[in-house]
Amino acid sequence: MSLRAVLILLFSLGLSLPALAGQIRYGANEHQSDWQADGNRLFCRLSHEVPRYGLAIFERRAGGELGFRLETRLSPRQVAMARLVSAPPQWKHDTLIRDLGQVDIRTERASMHLPEAQARRLLLELEHGMFPSFSFSDWADGRDSVTVALSAVRVRQALGEFQQCLDSQLPYGFEQVRDTRVHFAFDKSELSPEARRRLDVVAEFMRLDERIDGVVLEGHADSRGWPRYNDALSLRRAEAVREYLIAQGVDAEKFQFDLRAYGERRPLASNRTEAGRAQNRTVIVSLQGG
């Protein structure tokens, strides 16, 4: 049997014992192979246990990019490189092993990370029934070649569930909503349709993310009018935002901090121009936690 045939056999069977002299292989066989998908509108995850080695994880947070990491129980001692290839199952005789490039090995528990482009390539290989694997020198003395393989056995259903989770995710995350500005018309504290749309986004995110434990509301005004009047106006604006968020289902206890009414004392832009004054007629909604 040729070396290529041996490699394909090892990839497809998922042998967990050393198969060739100087080679150590980790991977789930057809009975061990198990993929799990879980998540919600904020976080999606697809994971696969690699027996005796660790955990392979695809994940994406709302507003972020898809990523892949390979966690290990055997932390590497130094930075190194691994070769990523994708091998066909034994019955695909005419399919070639695909070279998917190199991957950095980090000296941490999540020793290998793939950015979105490579992570999507890896998912596509699994969907096509291929067996991606990482190959590198052992972390003891470098004498042996180590291969860590992902099994494509029973992956399709979990892949479908994972894709459904990705499709239902919010298109924005914490970084996109943590500091939201809501603008007001001159001498007004009523919310405009645009302001309500922006606050709807904040409210939806707060209802879903239990890590948000508080909100700070900073009311501002431009410099036209008396300073004391502008202080009161900026407070009314902050109160209008708070009342709207609570009406949209945000827990009132999230507003544990006093509303901050700065009036014209902390301008966000120059009051010398109309554009600057428009920027100063605002409330800043700052989420705490996350």
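The values are calculated or read from the model by the stated rules, or taken from the named source; none is laboratory data. What you are looking at is a predicted structure, and each value in this text was computed from that prediction instead of being measured. Because the Cβ atoms are built from the backbone with ideal geometry, glycine has one as well, and the counts that use them run over all protein chains shown.
Things worth noting here:
- In the set (1) assigned to a loop (DSSP other than H, G, I, E, B); (2) within 30 Å of Ser168 (Cα to Cα); (3) over 26 Å from the mean Cα position of the chain (by Cα), the condition left unmet by Glu253 is number (1).
- Considering only residues in the range 102-148 that are within 22 Å of Pro88 (Cβ to Cβ) and of a type in the set (Val, Ile, Thr), the one that is farthest from the chain's Cα centre (by Cα) turns out to be Val146.
- Taking strands (runs of 3 or more DSSP E) as the structural unit, those lying wholly within the range 17-127 and holding at least 1 residues that are touching a His at 6+ places or on another chain (Cβ under 9 Å) correspond to 35-39, 54-61, 67-72, 80-87, 98-105.
- Residue count, the range 128-183 (criterion: in a strand (DSSP E or B) and either of a type in the set (A, V, I, L, M) or in contact with a helix residue (DSSP H, G or I) (Cβ under 6 Å, 6 or more places away or on another chain) (or both)): 7
- Residue within the range 114-128 that is in the same structural domain as Trp91 (by TED's automatic domain parsing), on the phi > 0 side of the Ramachandran plot and not β-branched (Val, Ile, Thr) present: no
Here is a yes/no grid of residues against (1) of a type in the set (Val, Ile, Thr); (2) under 17 Å from Glu190 (Cβ atoms); (3) touching a His at 6+ places or on another chain (Cβ under 9 Å); (4) not in a loop (DSSP other than H, G, I, E, B):
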residue: Glu210; (1), (2), (3), (4): no, no, no, no
residue: Gly214; (1), (2), (3), (4): no, no, no, yes
residue: Ser223; (1), (2), (3), (4): no, no, no, no
residue: Leu233; (1), (2), (3), (4): no, yes, no, yes
residue: Leu268; (1), (2), (3), (4): no, no, yes, no
residue: Ala278; (1), (2), (3), (4): no, yes, yes, yes
residue: Ser286; (1), (2), (3), (4): no, no, no, yes
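- The sole residue among Ala117, Ala82 that is crowded, with 18+ Cβ neighbours inside 10 Å and among the small types (Gly, Ala, Ser) is Ala82.
- When Arg178, Arg197 are checked against the criterion of being closer than 24 Å to Gly67 by Cβ and outside the structural domain of Ser75 (by TED's automatic domain parsing), a single residue qualifies: Arg178.
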